[in-house]
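S.K.: One structure is given below, represented as structure tokens, and several questions about it will come after.
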Amino acid sequence: MLNDVHVHRSDDPLARADELAAKLAAVAVDPVPVDDDVVDMVVNRVIDNAAVAAASLGRAPVAAARAQAAARLQSSRHRADAAGGSREGSTVFGLDESTRIQPEWAAWANGVAVRELDFHDTFLAAEYSHPGDNIPPVLAVAQHVGATGEQLVRGLAAGYELQIDLVKAISLHAHKIDHVAHLGPSAAGGIGALLGLDAATIAQAIAQALHTTTATRQSRKGLISTWKAYAPAFAGKQAVEAVDRAMRGQTSPSPIYEGEDGVIAWLLDGPDAHYEVPLPGAGESKRAILDSYTKEHSAEYQAQAWIDLARRLGREHPELRDPEAVASIVLHTSHHTHVVIGSGAGDPQKYDPTASRETLDHSIPYIVAVALQDGEWHHERSYAPERAGRADTVALWRRITTAEDPEWTRRYHSIDPTEKAFGGRIEVELADGRRLVDEIAVADAHPLGARPFARADYLRKFRTLATGVLADDEVERFLDTAQRLPELGAGELQRLTLTAPPGALRSADEAVPGGLF
């Protein structure tokens with residue numbers, strides 16, 4: 001059902017129930033059962049998130065966030081609320097399962113671990129998103145309150161639904177607002193659904209989460225910093241805190257989207273804008289998670305299909321690996337790909353071999369060059385400084401540019417899943433005058449791709465990324481627990497964590513300078 005959302009002047013008040021925040025809350029609390037295929041996909045994405053978190057445990061941003069969280073132990077004297085309910089605290093990836101952290105800080109640390117390698121699920125439409133970012137805050141609260149697996153599934157299905165529906169309708173990046181402004185509201189809604197809160201309370205939390213998570217896209221521009229991984233974690237942490245305040249009866253700016261001085265009027269399309277936000281009607285299943293897709297490769301999602309194409313072309317035409325044989329390579333693609341990770345961004349850092357990993361991850365010219373030459377994409381080797389600095393790679397890299405193609409832009413924005421595409425057409429001019437043209441629409445792992453990801457692929461991804469990080473028995477323990485997620489009882493969700501072997505993270509932890517806490 002489409003919902004018209006637009007600005008209302010203060011002298012033309014909007015009924016509370018008609019505010020977008022209230023409509024999002026109504027979807028969150030709707031008690032419609034979660035469909036079986038949605039339950040299965042929730043399990044897949046919990047495994048996917050943990051996989052990429054395992055691979056990032058030794059990285060500096062994750063170690064720093066983990067240290068911040070470890071300073072916020074859940075005190076035993078606070079382990080029951082006024083009504084006698086469980087308040088056990090939450091687990092943090094890398095720490096022992098018995099170590100319980102305040103839930104907002106667990107959401108923070110786990111959110112950074114999940115996001116650091118940019119390797120989990122994605123949904124792209126009017127806006128960009130990684131809806132798996134909902135999992136750390138919703139799971140942290142579920143652990144803290146002693147929820148069941150069934151409750152967690154309901155909360156995650158709601159969080160995915162709200163974020164994806166917002167992403168389908170409201171562009172943030174067009175106004176240089178970071179995409180996590182859709183995550184704060186969705187995580188708040190997911191937590192509210194998990195807890196079974198009333199719609200009015202959830203609406204207050206959604207409004208406050210949005211109000212506190214609007215920030216500029218500079219975090220994804222130029223020389224990209226470590227904050228890229230922290231931004232969604234911050235949104236998740238804010239969502240937990242917003243729900244807590246709303247539960248205590250505190251109110252939020254209203255209407256946050258439609259107000260005369262609200263988000264639409266001043267941060268987005270302005271006072272005359274209208275957005276059509278699709279939301280399930282009462283009694284309709286929350287199925288948006290099935291519209292999203294995960295990553296086979298550790299790179300920006302709009303690079304996934306290009307990696308698959310480049311790997312194939314490098315094998316079929318090995319001469320493309322030699323910069324002396326290539327005059328130019330142009331990637332004809334969507335507007336988003338051209339201006340965000342392509343030469344259309346105007347960022348010289350995208351061609352800089354000394355750029356940060358976060359920057360290289362957002363450089364499609366670099367990614368295509370390495371995938372062509374190596375025939376693979378690896379979450380560590382493909383970004384290593386010595387790999388980025390290789391002379392023949394730099395020469396090939398600088399022969400690669402992007403160009404917007406209106407047809408690929410149209411397909412990127414298509415609401416028809418059978419034609420929605422994130423790839424493009426490659427045109428290679430060889431030094432000997434020959435010309436090579438090929439194209440790809442979606443990544444091999446996409447639901448419509450050559451090798452759609454299924455449960456076995458998620459399990460393999462987890463085992464691959466956890467190898468050398470976790471003990472073998474810990475890998476299998478987690479996977480067994482995760483696959484039983486819908487049947488887990490109260491208190492068992494604490495097992496949805498990753499415990500590193502004793503001393504395994506010491507060097508990473510000791511390398512992080514001390515802070516205030």
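The values are calculated or read from the model by the stated rules, or taken from the named source; none is laboratory data. Model, not experiment: these values are computed from the prediction. Because the Cβ atoms are built from the backbone with ideal geometry, glycine has one as well, and the counts that use them run over all protein chains shown.
S.K.: Picking from 445, 431, which residue would you name as being of a type in the set (A, V, I, L, M, F, W, C), surrounded by fewer than 21 Cβ atoms within 10 Å (Cβ to Cβ), at pLDDT 95 or above and not assigned by TED's automatic domain parsing to the domain that holds residue 277? I'd like the intermediate steps shown before the answer.
M.R.: On the way: 445 fails: surrounded by fewer than 21 Cβ atoms within 10 Å (Cβ to Cβ).
The unique qualifying residue is 431.
S.K.: Only one of these conditions is not met by residue 47: (1) under 26 Å from residue 242 (Cβ atoms); (2) within 25 Å of the chain's Cα centre (by Cα). Which number is it?
M.R.: (1)
S.K.: Six or more apart or on different chains, Cβ under 7 Å: which pairs go from a residue in segment 471-497 that's more than 16 Å from residue 152 (Cα to Cα) and touching a residue at least 60 places away in the same chain (Cβ under 8 Å) to one that's among the small types (Gly, Ala, Ser) and part of a helix (DSSP H, G or I)? Could you list them?
M.R.: Pairs found: 478/50.
S.K.: Ok, one more. Do we have any residue at all in segment 447-464 that's aliphatic (A, V, I, L, M), under 24 Å from residue 291 (Cβ atoms) and assigned to a helix (DSSP H, G or I)? Explain how you work it out, then say what you get.
M.R.: Start the filter on segment 447-464 by keeping residues that are aliphatic (A, V, I, L, M), which leaves 448, 450, 454, 456, 459.
From what is left, the residues that are under 24 Å from residue 291 (Cβ atoms) are 448, 450, 454, 456, 459.
Going one step further and asking which of them are assigned to a helix (DSSP H, G or I), we end up with 456, 459.
Yes, segment 447-464 has at least one match.
S.K.: Might you let me know whether segment 31-47 holds any residue that is over 19 Å from residue 158 (Cβ atoms) and acidic (Asp, Glu)? Before the answer, list the steps.
M.R.: Filtering segment 31-47 for residues over 19 Å from residue 158 (Cβ atoms) gives 47.
From what's left, acidic (Asp, Glu): none.
For segment 31-47, residues over 19 Å from residue 158 (Cβ atoms) and acidic (Asp, Glu): absent.
S.K.: Also, quick follow-up: Is it the case that some residue within segment 427-435 is closer than 28 Å to residue 292 by Cβ, of a type outside the set (Phe, Trp, Tyr) and in contact (Cβ under 8 Å) with a residue 24 or more places away in the chain? Walk me through it before giving the result.
M.R.: Here is the first cut: in segment 427-435, the residues closer than 28 Å to residue 292 by Cβ are none.
Checked segment 427-435: no residue is closer than 28 Å to residue 292 by Cβ, of a type outside the set (Phe, Trp, Tyr) and in contact (Cβ under 8 Å) with a residue 24 or more places away in the chain.
S.K.: Starting from residues that are in contact with a Leu (Cβ under 8 Å, 6 or more places away or on another chain) and of a type in the set (A, V, I, L, M), keep the ones in segment 175-190 and report whichever is surrounded by the fewest Cβ atoms within 10 Å (Cβ to Cβ).
M.R.: Residue satisfying both the conditions and the ranking: 177.
Matching residues to (1) modelled with pLDDT of 95 or more; (2) charged (D, E, K, R); (3) assigned to a helix (DSSP H, G or I):
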position: 141; (1), (2), (3): yes, no, yes
position: 144; (1), (2), (3): yes, no, yes
position: 157; (1), (2), (3): yes, no, yes
position: 161; (1), (2), (3): yes, yes, yes
position: 167; (1), (2), (3): yes, no, yes
position: 171; (1), (2), (3): yes, no, no
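S.K.: Here's something else I'd like to know. When you scan segment 333-349, do you find a residue that is out of contact with any helix residue (DSSP H, G or I) (no Cβ under 8 Å at 6 or more places or on another chain) and of a type in the set (S, T, N, Q), even just one?
M.R.: no
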